[in-house]
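Report on the structure given below.
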Amino acid sequence: MSIRHMIVTVDGVAYEVSVEILDEGDGPLRLPAVKAGAAPAAKAPAAPAPAAAPPAAPAAAGGGSPVTAPLGGTVIKIHVSAGQAVQAGQALVTLEAMKMNTDITAASAGTVQRVLVNEGASVSEGAVLVELA
């Protein structure tokens with residue numbers, strides 16, 4: 001039994017993880033096969049809907065550029081406030097999901113129009129967190 005530290009990238013987001021290896025074995029890790037149509041059919045329609053729906057509503061309501069949650073979690077820290085100028089890559093909100101913190105950053109420089117969440121709030125993937133101008 002050993003612990004290995006790895007970086008896993010999911011949908012372009014890198015996560016640092018610690019993995020406990022229970023059985024070293026002689027070959028690569030083999031996962032059980034999933035029945036055809038069971039899991040993939042359930043997940044395929046759900047993924048596009050959250051990404052497509054949230055940006056449309058804030059653009060019409062506030063006119064700003066929405067910053068959305070890449071994953072569901074709990075808002076543990078809000079780093080900005082309305083009217084604040086931000087730089088590209090600056091942390092706007094920190095989410096906690098599965099005991100890991102993820103900073104949600106500005107894609108480009110701008111000004112915070114609105115912060116749409118509160119610390120302690122639970123958010124789902126695709127939820128609009130902040131609007132930038």
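The values are calculated or read from the model by the stated rules, or taken from the named source; none is laboratory data. Please read all numbers here as calculations on a predicted model, not as lab measurements. FYI the Cβ positions are ideal-geometry reconstructions off the backbone, even for glycines, and counts take in every protein chain you see. For accessibility, only protein heavy atoms count, side chains too; no ligands or nucleic acids. Shrake-Rupley method; radii C 1.70, N 1.55, O 1.52, S 1.80 Å.
Quick look at the values:
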| read-out | value |
| --- | --- |
| Distance between modelled label sites at V10 and T74, nm, 7 Å Cα→Cβ extension | 1.8 nm |
| Separation in nanometres of the label points that stand 7 Å from Cα toward Cβ, at N118 and K99 | 2.9 nm |
| Largest to smallest accessible area among V10, V67 [probe 1.4 Å] | V10, V67 |
| Heavy atoms of E125: accessible area, 1.4 Å probe, square angstrom to 10 | 100 Å² |
